[in-house]
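Chemist: I have a structure here, written as structure tokens, and I will follow up with some questions on it.
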Amino acid sequence: MIHFENELNAEQVAIVKNASGPCLVLAGAGSGKTRTICYRVAYLLEQGVAPKEMLLVTFTNKAAKEMTERIQQMTQGEIRLPWSGTFHSIACKILKQYAPLLGYSNAFTILDSGDSVDLIKQCIKLEGVDTKQRRFPSARVVLSLISFAKNAQKTIEEVLDDKYPKWLDFTDTILRIAQEYEKRKRLANAMDFDDLLTNMLALLVSSPSVKERFAHQFTHVMVDEYQDTNRVQAAIISLLSSRHNNLLVVGDDAQSIYSFRAANIANILDFEKTYNTAQIFKLETNYRSTPNILDVANCVITKNTEQYEKTLASMQPHCSKPELHAFADTKEEAEFITETIATLHNEGVPLSQIAVLFRAAFHSQALEVELVKRNIPYEYRGGVRFFERAHIKDTLAFLRIIHNPKDEIAWNRVLTMQTGIGPASAQKIIHAIKNSEEDISLETLQECGSLLSVKAKIGWHDFMNMWQSVCNAKQEPAHMIDALLESKYAEYIEGEYVDYRERLQDIEQLATFASANDDLHTFLTEVTLQENFTIAQAQKQQQNNTEEKIVLSTIHQAKGLEWHTVFVMHMSQGQFPNERAMGERNGIEEERRLFYVAITRAKKQLFFSYPITSQRHMVMNGPSMFLEEIDKRLIEEFHFGGSTVFFGNENDQKSLLSFTDPGDDIDNIEYIPEDEPVWSRKGKTNFLGDINDF
């Protein structure tokens, strides 16, 4: 028998023993929610509830496995929960029994994302999209908007208007493609991942006997990470728990950060309205982070208006305050982070216990360069390393064919991305170029184009637009990259990728990196060294998987993880919060929740940093609004070169005195008036203004 009072805190015991009826558990970061759910299961087993009567739903296979293993340990391996798993696995299990009621056979196929993209491509081809008029969204983009519409329970028209306005002119065509996609899946007796959920809901709604069977069987329904559920998932849970009303959902509205996947924060915020007899429990005891870190987290999240109020309290001893560092540009920010990582490692902090988090993938580029220079191994979460990304390789390929027209590999890459140009057509052009005795000119390429079919000439026209843009630019790598971004290549990126904005930002960051070199050959050589190093490093890590390495990760990918030391970098206005979020309804609040998630990943040490300017254009960004919302007494502020920058009012002497280091002479603080609200020590340079003011 488990002694719950000895193994859990009072908040957890209350949930484990008293969570009957509809219950919402607001579980703060690091508060032991998984532990609480597992003990609740163990308690129910002790009370005589059969394993088959419990439905335990999680979001990932990893979480489901972790919970199952914990429960088996607690019960000495005697208990197995047949209805524990992800939403999709539970839905699949039920549909395998009742698919014929929806017109499928029991042996239906589940399409993975690659299968779905291939099927959408067939539907686009069947529709006969006229690519001569305008580039049509790729199969991946079409699949993404269809998926979002299903999970958000919206029409495709609504999704296009809200998320993909660029493609509104193609509404009728996309609707026909979506209909054909559904038709072909039916004919193939196949479902994609989204169908598992939508068909599960359709089954429960259209077949009262099936709904009643499972609603009767599941006397207790428990859902983890409820803040991440979409409307379809919430409806499924509501139906399955409708007979006994013992629904326990666990989540944290302060960590709801996946609206772009159709997660609906209203599911958790409106829980009491949906279930008017609901009990509300809170887990506010944090076992992960120091009080100093939690003070900042609590301060940040209080600025959100749509939330359940809770205050995390730490069980850890006090440690150093989180630090805020401002730098002149991204290079200096990266140098500081790299040097600090090296120092921490020398002091005994394992590399695997250090993470650098960022809002967008392109923020990591300068840091990756510095880590390579210092030979510090790193693991990249949430994508691939900067110089290995497809669009970065595309961009470099254009520069390579300008630098070396005989570069067959680069030619093949830039040609096969074009509409209608496959490997065979590309080889015709490459062969003609390699056999040309003259330099590659406009006339030479026009002659090459005459070798192509009518369909391939469509793509060739786009290529010529890109090629001429790069050739006509000032022959410095940064200007050439800018020119490519202003050509039809940007249109290609927008049509090809769902996350096209982030990819375009990646390329802009590459231009910033290139601005340090006026010579194309030097730049390409440096990039090649970066690529070769990362490949060699990856191979080394494959051979020695025990090698420690730091983690670089987008904040979205870091949710649920923790590290001894966390750096949150590139905290500049316009970068975090994301500019796009500024114009979206509730966008700022979700960005603030994302910042809260970043803060609460840290256990002992936390660093914030931001560049005052971009290295290339000297655009003055200033700190993120989220940094300015933090009570200055909760953090230590440091600025490049030992200078102190204060964003505030000239008359705010109290804030100024609390901001400056002990012993600072107030007369040695200079105020830069009007549009540059900065305090800076005389003799140090911290300029926030217009480049023309220099």
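Chemist: Which residue, of Ile265, Ile257, Ile174, is over 18 Å from Thr58 (Cβ atoms) and open to solvent by less than 30 Å² (accessible area, probe 1.4 Å)?
Modeler: Values: Ile265 fails: open to solvent by less than 30 Å² (accessible area, probe 1.4 Å); Ile257 fails: over 18 Å from Thr58 (Cβ atoms).
Result of the check over Ile265, Ile257, Ile174: Ile174.
Chemist: List pairs: first residue in region 424-447 and more than 16 Å from Met466 (Cβ to Cβ) and open to solvent by less than 100 Å² (accessible area, probe 1.4 Å), second residue among the β-branched types (Val, Ile, Thr) and at pLDDT below 85 anywhere in the structure, Cβ distance under 6 angstrom, at least six positions apart or on different chains.
Modeler: Once the first residue is more than 16 Å from Met466 (Cβ to Cβ) and open to solvent by less than 100 Å² (accessible area, probe 1.4 Å) and sits in region 424-447, its partners that are among the β-branched types (Val, Ile, Thr) and at pLDDT below 85 give Ser436/Thr444.
Chemist: Here is a further query. Among the listed residues Asp295, Asp329, identify the single one that is among the charged types (D, E, K, R), at pLDDT below 95 and within 26 Å of Gly622 (Cβ to Cβ). Spell out how you get there, then give the answer.
Modeler: Values: Asp295 fails: at pLDDT below 95.
The match here is Asp329.
Chemist: Can you say whether Asp252 is crowded, with 22+ Cβ neighbours inside 10 Å, at pLDDT below 95 and not polar (S, T, N, Q), as far as the supplied structure shows? Explain how you work it out, then say what you get.
Modeler: Details: crowded, with 22+ Cβ neighbours inside 10 Å: yes; at pLDDT below 95: no; not polar (S, T, N, Q): yes.
Here the answer is no, as Asp252 does not meet what is asked.
Chemist: Please determine, by comparing only the residues of region 470-491 that are closer than 24 Å to Gly422 by Cβ and in a helix (DSSP H, G or I), which one is modelled with the highest pLDDT. Show your work before the answer.
Modeler: Of the residues in region 470-491, the ones closer than 24 Å to Gly422 by Cβ are 470, 484, 487-491.
If we keep only those that are in a helix (DSSP H, G or I) too, we end up with 470, 484, 488-491.
Numbers: Val470: 90, Leu484: 94, Lys488: 89, Tyr489: 91, Ala490: 90, Glu491: 87.
Within region 470-491, the match that is modelled with the highest pLDDT is Leu484.
Chemist: Select, from His318, His345, His391, the only residue that is modelled with pLDDT under 95, over 22 Å from Lys559 (Cα atoms) and over 24 Å from the mean Cα position of the chain (by Cα).
Modeler: Working: His345 fails: modelled with pLDDT under 95; His391 fails: over 24 Å from the mean Cα position of the chain (by Cα).
Selected residue: His318, the only one of His318, His345, His391 that is modelled with pLDDT under 95, over 22 Å from Lys559 (Cα atoms) and over 24 Å from the mean Cα position of the chain (by Cα).
Chemist: Would you confirm, using the coordinates I've provided, whether Ala10 is of a type in the set (A, V, I, L, M, F, W, C), at pLDDT 95 or above and either open to solvent by 70 Å² or more (accessible area, probe 1.4 Å) or touching a Pro at 6+ places or on another chain (Cβ under 8 Å) (or both)? Reasoning before the result, please.
Modeler: Numbers: of a type in the set (A, V, I, L, M, F, W, C): yes; at pLDDT 95 or above: yes; either open to solvent by 70 Å² or more (accessible area, probe 1.4 Å) or touching a Pro at 6+ places or on another chain (Cβ under 8 Å) (or both): yes.
Spelling it out, Ala10 is indeed of a type in the set (A, V, I, L, M, F, W, C), at pLDDT 95 or above and either open to solvent by 70 Å² or more (accessible area, probe 1.4 Å) or touching a Pro at 6+ places or on another chain (Cβ under 8 Å) (or both).
Chemist: Out of the residues in region 525-555 that are open to solvent by 40 Å² or more (accessible area, probe 1.4 Å), over 30 Å from His403 (Cα atoms) and assigned to a helix (DSSP H, G or I), state the one that is modelled with the highest pLDDT.
Modeler: Lys540
Chemist: Further, regarding this structure: Looking only at region 188-213, which residues are out of contact with any strand residue (DSSP E or B) (no Cβ under 8 Å at 6 or more places or on another chain), within 25 Å of Glu157 (Cα to Cα) and open to solvent by 60 Å² or more (accessible area, probe 1.4 Å)?
Modeler: Answer for region 188-213, where residues must be out of contact with any strand residue (DSSP E or B) (no Cβ under 8 Å at 6 or more places or on another chain), within 25 Å of Glu157 (Cα to Cα) and open to solvent by 60 Å² or more (accessible area, probe 1.4 Å): just Val205.
Chemist: Right, something else. Can you tell me which residue is surrounded by the most Cβ atoms within 10 Å (Cβ to Cβ) among those in region 370-388 that are at pLDDT 90 or above and of a type in the set (A, V, I, L, M, F, W, C)?
Modeler: Leu371
Chemist: With (1) open to solvent by 30 Å² or more (accessible area, probe 1.4 Å); (2) farther than 17 Å from Ala149 by Cα; (3) in a helix (DSSP H, G or I) as the list, and Glu182 as the residue in question, which single condition is left unmet?
Modeler: Every listed condition holds for Glu182 apart from (2).
Chemist: Out of all the residues in region 556-584, which are assigned to a strand (DSSP E or B) and touching a helix residue (DSSP H, G or I) at 6+ places or on another chain (Cβ under 8 Å)? Let's see the steps before the verdict.
Modeler: Step one: filter region 556-584 for residues assigned to a strand (DSSP E or B), giving 563-568, 572.
Once the filter is applied, which keeps residues that are assigned to a strand (DSSP E or B) and touching a helix residue (DSSP H, G or I) at 6+ places or on another chain (Cβ under 8 Å), region 556-584 yields Trp563, His564, Thr565, Val566, Phe567, Val568.
Chemist: Confirm whether Ile392 is under 24 Å from His521 (Cα atoms), among the aliphatic types (A, V, I, L, M) and surrounded by 22 or more Cβ atoms within 10 Å (Cβ to Cβ). Write out each step before concluding.
Modeler: Numbers: under 24 Å from His521 (Cα atoms): yes; among the aliphatic types (A, V, I, L, M): yes; surrounded by 22 or more Cβ atoms within 10 Å (Cβ to Cβ): yes.
In short, yes.
Chemist: Mind checking which residues of region 111-160 are over 20 Å from Met191 (Cβ atoms), touching a residue at least 12 places away in the same chain (Cβ under 8 Å) and not basic (Lys, Arg)?
Modeler: Once the filter is applied, which keeps residues that are over 20 Å from Met191 (Cβ atoms), touching a residue at least 12 places away in the same chain (Cβ under 8 Å) and not basic (Lys, Arg), region 111-160 yields Ile124, Leu126, Glu127, Val129, Thr131, Phe136, Pro137, Ser138, Val141, Glu157, Val159, Leu160.
Chemist: Can you report the number of residues in region 174-226 which are aliphatic (A, V, I, L, M) and touching a residue at least 60 places away in the same chain (Cβ under 8 Å)?
Modeler: Qualifying residue count for the region: 12.
Residue-by-condition table, conditions (1) free of Cβ contacts under 8 Å to residues at least 12 places away in the same chain; (2) assigned to a helix (DSSP H, G or I); (3) under 29 Å from the mean Cα position of the chain (by Cα); (4) more than 26 Å from Gln446 (Cβ to Cβ):
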{"position": "Trp460", "(1), (2), (3), (4)": "no, yes, no, no"}
{"position": "Asn465", "(1), (2), (3), (4)": "no, yes, no, no"}
{"position": "Ile493", "(1), (2), (3), (4)": "no, yes, yes, no"}
{"position": "Asp506", "(1), (2), (3), (4)": "no, yes, yes, yes"}
{"position": "Thr512", "(1), (2), (3), (4)": "no, yes, yes, yes"}
{"position": "Phe523", "(1), (2), (3), (4)": "no, yes, no, yes"}
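The values are calculated or read from the model by the stated rules, or taken from the named source; none is laboratory data. Everything numeric here is computed off the predicted structure, so don't read it as measured data. Every residue, glycine as well, gets a Cβ built from its backbone with ideal geometry; the counts of neighbours run over all protein chains shown. Heads up: the accessible areas ignore ligands, DNA and RNA and are worked out on the full protein's heavy atoms, side chains in. Shrake-Rupley method; radii C 1.70, N 1.55, O 1.52, S 1.80 Å.
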